[in-house]
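Right, one structure below, let's go through it.
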Amino acid sequence: MQTIVGWHVEVEFEEVDKRTRAAALLRLPDGTELRAHAHATRHPSDPGQQRVGEELAAARVLNALARELMEKAAAELAAAP
C-alpha cells in the first residue's frame, strides 16, 4: 500500500489602493514553516479587478515559496553524509 502525504499552503491577501499583497505559509511534516511575501500593482490604465491582482500576487508568492523549498532541499542534500 502506498502512503500519500498532503501539504497545505495558506495564502492571504491584502488590498491597499492599487496594490495587492500576498503572504504564503507552508507547514512541512518535519515541523518546518516556510513563509513568503509578494505583491502585484495595478497599472493606472487597468480596470479595478480584485481577482486579477490576487491571481498575480498569488503566482508570485507561490513562486517565492517554491524557491525557498528548493533551497531547503538543496541544503539538506548538501548536509547528507
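The values are calculated or read from the model by the stated rules, or taken from the named source; none is laboratory data. Given the structure is predicted, the values throughout are model-derived calculations rather than measurements. Cβ coordinates were reconstructed from backbone atoms using ideal geometry, including for glycine residues, and neighbour counts include every protein chain displayed. Just so you know, the surface numbers come from the protein's heavy atoms only, side chains and all, with ligands and any DNA or RNA stripped out. Shrake-Rupley method; radii C 1.70, N 1.55, O 1.52, S 1.80 Å.
Could you list all residues from region 30-47 that are out of contact with any Lys or Arg (no Cβ under 6 Å at 6 or more places or on another chain), of a type in the set (D, E, K, R) and part of a strand (DSSP E or B)? Let's see the steps before the verdict.
First pass over region 30-47, keeping only residues out of contact with any Lys or Arg (no Cβ under 6 Å at 6 or more places or on another chain): 30-32, 34-37, 40, 43-47.
Okay, now just the ones that are also of a type in the set (D, E, K, R), so 30, 35, 46.
Hit for region 30-47 is R35, nothing else.
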Completion exercise
Expected output for region 45-63 (first residue within 18 Å of E10 (Cβ to Cβ), partner charged (D, E, K, R), Cβ below 8 Å, 6+ apart or cross-chain) is A57/R21
Handout entry: For A23: the one exception among (1) open to solvent by less than 80 Å² (accessible area, probe 1.4 Å); (2) modelled with pLDDT under 90; (3) not aromatic (F, W, Y)
Key = (2)
Handout entry: Residue list for region 33-44, restricted to those being under 23 Å from H8 (Cβ atoms) and either without any contact (Cβ under 8 Å) to a residue 12 or more places away in the chain or among the hydroxyl-bearing types (S, T, Y) (or both)
Key = E33
Problem - Of all residues making up region 64-81, the number that are farther than 19 Å from E12 by Cβ and in contact (Cβ under 8 Å) with a residue 40 or more places away in the chain - result: 1
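Would a scan of region 9-17 turn up a residue that is assigned to a loop (DSSP other than H, G, I, E, B) and open to solvent by less than 70 Å² (accessible area, probe 1.4 Å)?
Among the residues of region 9-17, not one is assigned to a loop (DSSP other than H, G, I, E, B) and open to solvent by less than 70 Å² (accessible area, probe 1.4 Å), which makes the answer no.
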